[in-house]
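Shown next, in structure tokens, is the structure this report addresses.
The values are calculated or read from the model by the stated rules, or taken from the named source; none is laboratory data. Every value quoted in this text rests on a predicted model; they were computed, and no experiment measured them. In this analysis, Cβ positions are derived from the backbone assuming ideal geometry, glycine residues included, and neighbour counts consider all displayed protein chains.
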Amino acid sequence: MPAVSKGDGMRGLAVFISDIRNCKSKEAEIKRINKELANIRSKFKGDKALDGYSKKKYVCKLLFIFLLGHDIDFGHMEAVNLLSSNKYTEKQIGYLFISVLVNSNSELIRLINNAIKNDLSSRNPTFMCLALHCIANVGSREMAEAFASEIPRILVAGDTMDSVKQSAALCLLRLYKTSPDLVLMGEWTSRVVHLLNDQHMGVVTAAISLITCLSQKNPDEFKTCVSLAVSRLSRIVSSASTDLQDYTYYFVPAPWLSCKLLRLLQCYPPPEDGAVKGRLVECLETILNKAQEPPKSKKVQHSNAKNAILFEAISLIIHYDSEPNLLVRACNQLGQFLQHRETNLRYLALESMCTLASSEFSHEAVKTHIETVINALKTERDVSVRQRAADLLYAMCDRSNAKQIVAEMLSYLETADYSIREEMVLKVAILAEKYAVDYSWYVDTILNLIRIAGDYVSEEVWYRVIQIVINRDDVQGYAAKTVFEALQAPACHENMVKVGGYILGEFGNLIAGDPRSSPLVQFNLLHSKFHLCSVPTRALLLSAYIKFINLFPETKATIQEVLRCDSQIRNSDVELQQRAVEYLKLSSIASTDVLATVLEEMPPFPERESSILAKLKKKKGPGAVSVTELEDGKRESGELNGGGDRGQDAASTPSPSADLLGIRSSAPVSAAPASAGSLLVDVFSEAGPAAPSGAVNDDGFLRFVCKNNGVLFENQLLQIGIKSEYRQNLGRMYLFYGNKTSVQFASFTTTVNCPGELQSHILQSKPVEPLVEGGAQIQQVLNIECLTDFSDAPLLNIKFRYGGALQNLTLKLPVTINKFFQPTEMASQDFFQRWKQLSQPQQEAQKIFKANHGMDTEVIKAKLLGLGMALLDNVDPNPENYVCAGVIQTKSQQVGCLLRLEPNAQAQMYRLTLRCSKDSVSKRLCELLAQQF
Amino acid sequence: MMRFMLLFSRQGRLRLQKWFTAISEREKKKIIREMTTMVLARPPRTCNFLRWKDLKIVYKRYASLYFCLGVEDEENELLALEIIHRYVELLDKYFGNVCELDIIFNFEKAYFILDEFLMGGEIQETSKQIVNRAIESSDMLQEDDHSEWYDVELFG
């Protein structure tokens, strides 16, 4: 028997473990365990009182058995007894048992809590730490109820030992995560923040995890931590490698603490205080510089620790997204790692660059590495690295390199690992659509996709190509020709047959002039694939055939014969049989006119979010879709297909069906919310359910400039409604969060941030309940005070868990300066007098813009009234014009505003002029209003 | 934060499991199975990181043992790797050239050492000296078994 343990060995335990290891079979092991269980049971039940040592030994054996994967249904009581032993070693085993076999056994939990209570008040630091560990390990609600108020006291008490402080901080963090409602901050907030200044590095390291978590939830209350964190970081970064003694890890000063400080800073925007910000930028520069220095040790631990700090610093730089110099430097540094000999670094560099690609400052810099990344995709031995390379190519893709990237991804697909093929297919399909300048390239790409990786082409992908071909008449002929050629291949994928059947059924006539693709040749080609296809494909082909009868009367006899044969008309599949019978009858009874009407070409599909994108989001899990596509969408929308030549706001048209005649009632394109936008590209501007926090969703924002109530946001999961009221410089906003699913949202938190110079003061009355049941709606009230005029809107960040996945969403709250208007009635004469008084050039803001909506008088009036000003009649000599007056009430001052709106119905244009006593207000109102009419 | 730490052998036998959040035994078994298959299937000299559901999996092999850490998305992979390394160093210091058998026969010690180092899925103390001292002093308590001793020393 090897390795006699140090401390006090439990010989019996070692013998038992040894026995188990010697068992030749699973059966033998179970037999030995049952024997031991019987033995322990009899000892526990025996008349003789067991001494502490034996009790400890048996409890430890039970623990071992449990950890082997067997159930344990007794011994808990003995373990609880050990807790109150005054022998450390027995107590320790007791706590270990309880921690591992957490079992909300309600009778025992009271006893356990009692023992913990005693140990917490024992003033013996080792006992206190054991007790705190147990609370953190179990972390149950009962424990939170019992100790949540006690632990903060221990944490900040002056006479608490450092080791106990560390345990208390992390124990509190654990309780806060499981039962945030029970952990009340308040009077100890500032003392906890000041733990960042503690002399003991271990205390700071433990406390910062707690502070980071609390800051994420209550950024305002903890914002003093920013300057403390910066100065602590600065001291560490500038220290020599030996200054911090044992907190130096392989010549790197305090890597864990440094990373945690950098992580904490990522909870906040860049520091407003210039000095603090300067110090921080200096730190970041030092970190970037140090990364370039020659290594102080050859050990991998040294480079790992050093680079961990570098990556964390880069994350912070990306988070701020405001220092172009640092961003570009970060990108260059990562560029070096792309070719590093350490696989780990290549992996992380690719991952980190993905986020850099979404910043407008560094997007171009990232793009310069395209060849290296393509090379990584081709040559990396490790599939997880290749996957990151594919992600990065996707993230760095834009109009300039789309063809190259798509081509590379396609060629990689031929040899790609099975595990990532489906995702690659989706990405290629999305990029091809998003950056398609000419649609023949798009069609080629998708057909290639089907050819290369047909099995991984999900329905969404081929539905989409059909939608696009249907909607764009300039590509239909090309598509028909291309699928016809693709179908010539002796073995072609069933997905190809589906696309081919659909497209030839619709547009086969466009290539029928060529004798090589005459109607009969087309039909024979399709029908040669028929017997190898699955039922749904055959059903689709039957529909294509009936379409052929309409398009090419000369094929009628041949096709009717096919429909009439037993294998169709008596097919055992009811769907196929029904189609065959109905189509046969239809073709024989109906006149050509009727046939032509019934089998008319499909109407254009309504535009909506690409179902492919929705699928990718779902596949990667919410939050995992890179920020780029959302932001890219904003950057790009309006370029391609900008005018929306065929894009209709067609939310009410019936959902498209992949089936020609719509016999199947399925609506294959997922029920993503219809975006009322132009063509293809616009789908990306819709921040879906997984909007990362970086992308702010302001879709709803502008709709609320002239109204106070309505739905601000809605996706598949969540609906957010708003009701608000304003009086003078005060406002109150009711937010209603509705869970549209049948599943509970957990850890539901909302935070309101006022970015930049925003002065409108938001006093959040109280946090929302952390759980939102399926189908339930919860309410939150925000009290708003306008201190001075402002332009930015407050941001509402919502986080919750749906299923296992964290959802993170940021919305602009529609609090705009005009909400604080008081209408002012005045006569024509007064109006013009004041108008002249406000004649300095900067007091006036003017915009001429095209009408976005109808120029209906009543609608315009309603909007102006909704704006909050008084609409003045008989002021303007031209009765077509609108004139308004009002005063904006802020706490610090009142701002008088006059407005004139001149419509030109003929040109469908407006001229909007604002004159206000404060120039920033004129400008802001003008911006807001120009998008309303 | 960290969600779990697993130690298993090349044959996929679990040697230590530490869970930092409350999850059901069934779920634990599922994770253990998935981790061992996933990690053991990795060819040598590939990178030490994997994505699994919403977690980052960081693993490293030391002799016959695999150390596997499941961390949340915001954690730094390289430091997670060093957490593993520091734990190995602590085990090594305590057992002196630690081997798999030490952990099998003294599993409770392996847990105690881990508890001094990590807590609630966060790092509690990074200093090797301090952790070692804490473990040594608790061993002294085991040998003497005079728990009052510490009390006297500190507050007497």
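Worth a mention:
- Criterion violated by A:V383 - all others in (1) within 12 Å of chain B (Cβ to nearest Cβ); (2) closer than 24 Å to A:C259 by Cβ; (3) not aromatic (F, W, Y) satisfied: (2)
- Among the residues of region B:18-53, those identified as surrounded by fewer than 18 Cβ atoms within 10 Å (Cβ to Cβ) and within 9 Å of chain A (Cβ to nearest Cβ) are B:T21, B:A22, B:E25, B:K29, B:R42, B:P43, B:R45, B:T46, B:R51, B:K53.
- Failed condition for A:L758, given (1) surrounded by 16 or more Cβ atoms within 10 Å (Cβ to Cβ); (2) modelled with pLDDT of 85 or more; (3) not polar (S, T, N, Q): (2)
- The criterion of at least 2 residues that are under 12 Å from A:N818 (Cα atoms) and among the hydroxyl-bearing types (S, T, Y) is met by none of the strands (runs of 3 or more DSSP E) falling completely within region A:860-933.
- Elements of the type helices (runs of 4 or more DSSP H) sitting completely within region A:61-175 and holding at least 2 residues that are touching a residue at least 40 places away in the same chain (Cβ under 8 Å), within 13 Å of another protein chain (Cβ to nearest Cβ) and surrounded by 20 or more Cβ atoms within 10 Å (Cβ to Cβ): these cover A:88-100, A:125-138.
- Considering (1) in contact (Cβ under 8 Å) with a residue 24 or more places away in the chain; (2) farther than 24 Å from A:Q488 by Cα; (3) out of contact with any Pro (no Cβ under 9 Å at 6 or more places or on another chain), the lone condition that A:I546 does not fulfil carries the number (2).
- Those residues of region A:765-806 which are under 22 Å from the mean Cα position of the chain (by Cα), within 25 Å of A:L928 (Cβ to Cβ) and in a strand (DSSP E or B), in sequence order: A:L795, A:L796, A:N797, A:I798
A quick yes/no check of all residues on (1) of a type in the set (D, E); (2) closer than 21 Å to A:S99 by Cα:
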{"site": "A:A157", "(1), (2)": "no, no"}
{"site": "A:V164", "(1), (2)": "no, yes"}
{"site": "A:C171", "(1), (2)": "no, yes"}
{"site": "A:L175", "(1), (2)": "no, yes"}
{"site": "A:M185", "(1), (2)": "no, no"}
{"site": "A:H194", "(1), (2)": "no, no"}
{"site": "A:N197", "(1), (2)": "no, no"}
{"site": "A:N218", "(1), (2)": "no, no"}
{"site": "A:E221", "(1), (2)": "yes, no"}
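- Flag for A:E36 being under 49 Å from the mean Cα position of the chain (by Cα), at negative phi and at pLDDT 90 or above: no
- Subset tally (residues that are more than 9 Å from chain A (Cβ to nearest Cβ), out of contact with any Lys or Arg (no Cβ under 8 Å at 6 or more places or on another chain) and over 20 Å from B:S9 (Cα atoms)) for region B:97-134: 2
- Count - residues of region A:436-456 that are at pLDDT below 90, out of contact with any Ser or Thr (no Cβ under 9 Å at 6 or more places or on another chain) and not charged (D, E, K, R): 5
- Scanning region A:439-465 for residues that are among the basic types (K, R) and closer than 22 Å to A:M602 by Cα turns up just one, A:R464.
- A:V475 β-branched (V, I, T) and either surrounded by 24 or more Cβ atoms within 10 Å (Cβ to Cβ) or not in a helix (DSSP H, G or I) (or both): no
- Some residue of region A:258-269 being touching a Cys at 6+ places or on another chain (Cβ under 8 Å), within 13 Å of another protein chain (Cβ to nearest Cβ), part of a helix (DSSP H, G or I) and closer than 26 Å to B:T46 by Cα: no
- Number of positions in region A:176-190 that are assigned to a helix (DSSP H, G or I) and more than 14 Å from chain B (Cβ to nearest Cβ): 2
- Given (1) within 23 Å of B:L16 (Cα to Cα); (2) in contact with a Phe, Trp or Tyr (Cβ under 9 Å, 6 or more places away or on another chain), index of the condition A:K43 fails: (1)
- Scanning region A:20-60 for residues that are among the hydroxyl-bearing types (S, T, Y) and not in a helix (DSSP H, G or I) yields one hit, A:S25.
- Some residue of region B:88-110 being hydrophobic (A, V, I, L, M, F, W, C), in contact with an Asp or Glu (Cβ under 7 Å, 6 or more places away or on another chain) and over 25 Å from A:A308 (Cα atoms): yes
- Counting only helices (runs of 4 or more DSSP H) that sit completely within region A:272-370, those holding 1 or more residues that are of a type in the set (D, E) correspond to A:274-292, A:300-320, A:343-356, A:363-367.
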